[in-house]
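To start, the structure under review is shown below, and the notes come after it.
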Amino acid sequence: MIFPKPISEKYFDGVSDVKKPDIGASLYDFYASADAFGIQFEEKAELKGEEYELLIEKNRIYIAYATEEGKFRALTSLRHIVNTSGEKLPLCAVHDKPDFERRSYMLDISRDRVPTMKTLREIVDILARSRYNQFQLYT
């Protein structure tokens, strides 16, 4: 199960023969190296904004998207599936798009200690996995 829950998430009997991609140290690392995993990408004009379709089939992983943000969201979901599945990837079909265009988080650093860059990167990674698309520091 993907979190946050997508619009449509269906699992089928069986597992994929595709080798599980290496999830990397961060979500950005996974996104940056995604082309090396043999994933079939397709840009679809009928999808809008961050909307995407993800299929894990017997012999391939397929991602359809309209924008780079949609591709990123699909890879976020794929990374979650890879991280939570066993030895093999489950056969599944996922379709999702955000309910709100802007999903933001504000961290008030004006009254407390200022986080280090390492901590800020970790927060950004957690927020990206949770499908936030804005991070604001209040000073």
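The values are calculated or read from the model by the stated rules, or taken from the named source; none is laboratory data. Note that the coordinates shown come from a computational prediction; the quantities given were computed from them, not determined experimentally. Ideal geometry is used to build each Cβ from the backbone, glycine not excepted, and the neighbour counts take in all protein chains shown. Just the protein is used for accessible areas: all its heavy atoms, side chains included, with ligands, DNA and RNA removed. Shrake-Rupley method; radii C 1.70, N 1.55, O 1.52, S 1.80 Å.
Here are a few things to note about the model shown:
- Single residue of the range 1-16 satisfying the filter (in contact with a His (Cβ under 6 Å, 6 or more places away or on another chain) and β-branched (V, I, T)) that is most open to solvent (accessible area, probe 1.4 Å): I7
- Residue match in the range 110-130 (condition: over 22 Å from P4 (Cα atoms), free of Cβ contacts under 8 Å to residues at least 12 places away in the same chain and under 13 Å from the mean Cα position of the chain (by Cα)): no
- Note on the range 17-97: enclosed strands (runs of 3 or more DSSP E) holding 1 or more residues that are in contact (Cβ under 8 Å) with a residue 40 or more places away in the chain and either surrounded by 20 or more Cβ atoms within 10 Å (Cβ to Cβ) or at negative phi (or both) are 52-56, 61-65, 90-96.
- Near pairs, Cβ below 9 angstrom, 6+ apart or cross-chain, from the range 1-13 (without any contact (Cβ under 8 Å) to a residue 60 or more places away in the chain) to any residue that is surrounded by 10 or more Cβ atoms within 10 Å (Cβ to Cβ): K5/D96
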